[in-house]
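Here the structure comes first, spelled out in structure tokens, and everything after it is commentary.
The values are calculated or read from the model by the stated rules, or taken from the named source; none is laboratory data. Owing to the predicted nature of the structure, the values given are computational and were not obtained by experimental measurement. Quick reminder, even Gly has a Cβ in these numbers, built from the backbone with ideal geometry, and neighbours come from all protein chains shown. Note: areas computed on protein heavy atoms with side chains; ligands, DNA, RNA excluded. Shrake-Rupley method; radii C 1.70, N 1.55, O 1.52, S 1.80 Å.
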Amino acid sequence: MTSGPETRYRVRGGNPLQGTVFVQGAKNAALKMIAASLMAAKGRTVLRNVPVIEDVRRAVELAQAVGAVVKFHEAERTLVVDASQLTSSVLPAEITRRFRASVLFVPALLHRLGEATVEGIGGCNLGSRNLDFHYRGFARLGATVDEGESQIHLKANGLRGAHLYLDTPSHTGTENLIMAASLAPGTTVIDNTALEPEVLDVIAFLTKMGARITGGGTGFVTVQGVSELTAVEHTVMPDRIDAAVFAMAAAITGGELSLVGASLDHFGVVRWKLEQMGVEFATQGAILQVRRERQLRPINVITCPFPGFATDLQSPITAVSCLADGTSYIRETIFDGRYNLVGELNKMGAKVEVAGNAVLVHGPTALKGTEVIAHDLRTGIALVLAGLAAEGETVVAPGYQIDRGHVSVAARLTTLGADITEETAD
Ligand code: EPU
């Protein structure tokens, strides 16, 4: 597997961003579509507007590891997948350890090869991996699931439709069970499904492939199993998290940006919260204009499944809140341990405290550049935002975390007037 050199981002803050930015294709739709394309036993799938990010490269490597012929034409943002010969049912540890979405490849392997082995689970139990909804769903569809010391082995002598449910509306869980049900004879009903726009785009892709799915966007999905899925062409929707991060870049620097490919409808509650803080949105035809002219106001945010405030934007909004005039209250409800940003922001002079299960951000503070750690993708991009507003130089590492999910961050921000470079660490 290519892991690439260690990189870091160097940001010198203070420039209000101006100009036009192109929103990338949605990571959390593209990854599922790459996995779903392996369910087509004939022909070649063409995916357009695929974001050139590290997580997509991991998904390509995983598809290749099981025998698919995949070509990622990065300049064209186009992926071509020929899955006519799948040769291995093993999802190897060196990829799965870096790529949690590996479990999305299980349905294709179960249908095409009758088994799947997910390596590299490190002996932890299914619950603590938080993929229990997926494995329980596969079992209800008729797979046997054996958890070993360091791998999970699934076997299926033909899945069949069943009544499934999700304890909470898991985003990937919904997509994965829909994929598994698509080729399972009979009817599958899934209760409590996720409503995220990416789920609807994945359903649209599967429907083009020949799947029979109803109820997308209602919380209750029904799938009538079909006997085969065909290779098709699809354009991945724009990435609403990437779009909102750039809206927040305009907010934190006091700039004005034109976003190409952003849909306000996909922002959900994020739109209203940013407006309450003092960010102005204007739709001009297909362009979304974002600007901030006055002092930001503090905000209350509680993360929720769509259309609630996206958990992936909790770190970025925490960074923006540092500049607001008063105390903001931000509570994460989707993931444990998503407050890694707090310590890093405080290194930059912010006044953020964890108070019970929420964080309080005491603003406004003058952020100062220093060396900070990107503990995960969204912490990383939030620190880049903080760096854009900070005095002096902020060094964010490892850059890999940011490159997992956002395309050409330094190049796109530089075009907007930011002073940012990505460099190879010593
Ligand atoms: N959960 C379980 N068991 C499961 C599945 C989920 O307990 O089997 C729990 C999780 O532990 C979590 C909650 O349910 O507490 C929600 O998890 P969900 O399954 O919805 O998250 P996901 O599908 O694994 C996707 C995105 C995440 C995004 C979340 C929420 C992909 C590849 N990942 O994860 O994206 O935060 O939905 O919208 O689609 C990111 O892009 O930075 C990222 C983490």
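A few points about this structure:
- Qualifying residue in the stretch 215-228 (condition: touching a residue at least 60 places away in the same chain (Cβ under 8 Å), under 29 Å from Q18 (Cα atoms) and open to solvent by 10 Å² or more (accessible area, probe 1.4 Å)): no
- Taking strands (runs of 3 or more DSSP E) as the structural unit, those lying wholly within the stretch 353-426 and holding at least 1 residues that are small (G, A, S) and free of Cβ contacts under 8 Å to residues at least 60 places away in the same chain correspond to 358-362.
- Test: residue in the stretch 399-416 that is over 27 Å from A30 (Cβ atoms) and modelled with pLDDT of 95 or more: no
- Residues being more than 21 Å from the chain's Cα centre (by Cα) and either open to solvent by less than 10 Å² (accessible area, probe 1.4 Å) or of a type in the set (A, V, I, L, M) (or both) - total across the stretch 2-42: 5
- Residue check for V70: in contact with a strand residue (DSSP E or B) (Cβ under 6 Å, 6 or more places away or on another chain), outside any helix (DSSP H, G or I) and open to solvent by less than 10 Å² (accessible area, probe 1.4 Å): no
- Yes/no for D376 being of a type in the set (D, E, K, R) and more than 14 Å from the ligand (Cβ to nearest atom): no
- Contact map, the stretch 261-277: residues that are among the aliphatic types (A, V, I, L, M) paired with residues that are in a helix (DSSP H, G or I) and surrounded by fewer than 20 Cβ atoms within 10 Å (Cβ to Cβ), Cβ distance under 8 Å, separation 6+ or inter-chain. Pairs shown: L264/R271.
- Residue in the stretch 370-387 that is open to solvent by 60 Å² or more (accessible area, probe 1.4 Å), under 19 Å from M248 (Cα atoms) and not hydroxyl-bearing (S, T, Y) present: no
- Within the set R240, R212, R291, the sole residue that is within 16 Å of the ligand (Cβ to nearest atom) and of a type in the set (K, R) turns out to be R240.
- Hits in the stretch 14-48 - residues which are more than 17 Å from A231 (Cα to Cα) and assigned to a loop (DSSP other than H, G, I, E, B): G14, N15, P16, L17, V23, Q24, A26
For every residue, the table says whether it meets (1) away from the ligand (no atom under 13 Å from the Cβ); (2) modelled with pLDDT of 95 or more; (3) part of a loop (DSSP other than H, G, I, E, B); (4) open to solvent by 40 Å² or more (accessible area, probe 1.4 Å).
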position: L86; (1), (2), (3), (4): yes, yes, yes, no
position: G122; (1), (2), (3), (4): yes, no, yes, yes
position: S128; (1), (2), (3), (4): no, no, no, yes
position: R136; (1), (2), (3), (4): no, yes, no, yes
position: V145; (1), (2), (3), (4): no, yes, no, yes
position: T168; (1), (2), (3), (4): no, yes, yes, yes
position: N176; (1), (2), (3), (4): no, yes, no, no
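- Of all the residues in the stretch 312-352, those that are within 16 Å of the ligand (Cβ to nearest atom) and free of Cβ contacts under 8 Å to residues at least 60 places away in the same chain number 12.
- Residues that are more than 16 Å from the ligand (Cβ to nearest atom) and not acidic (D, E) within the stretch 379-395 comprise A386, G387, L388, A389, A390, G392, T394, V395, listed in sequence order.
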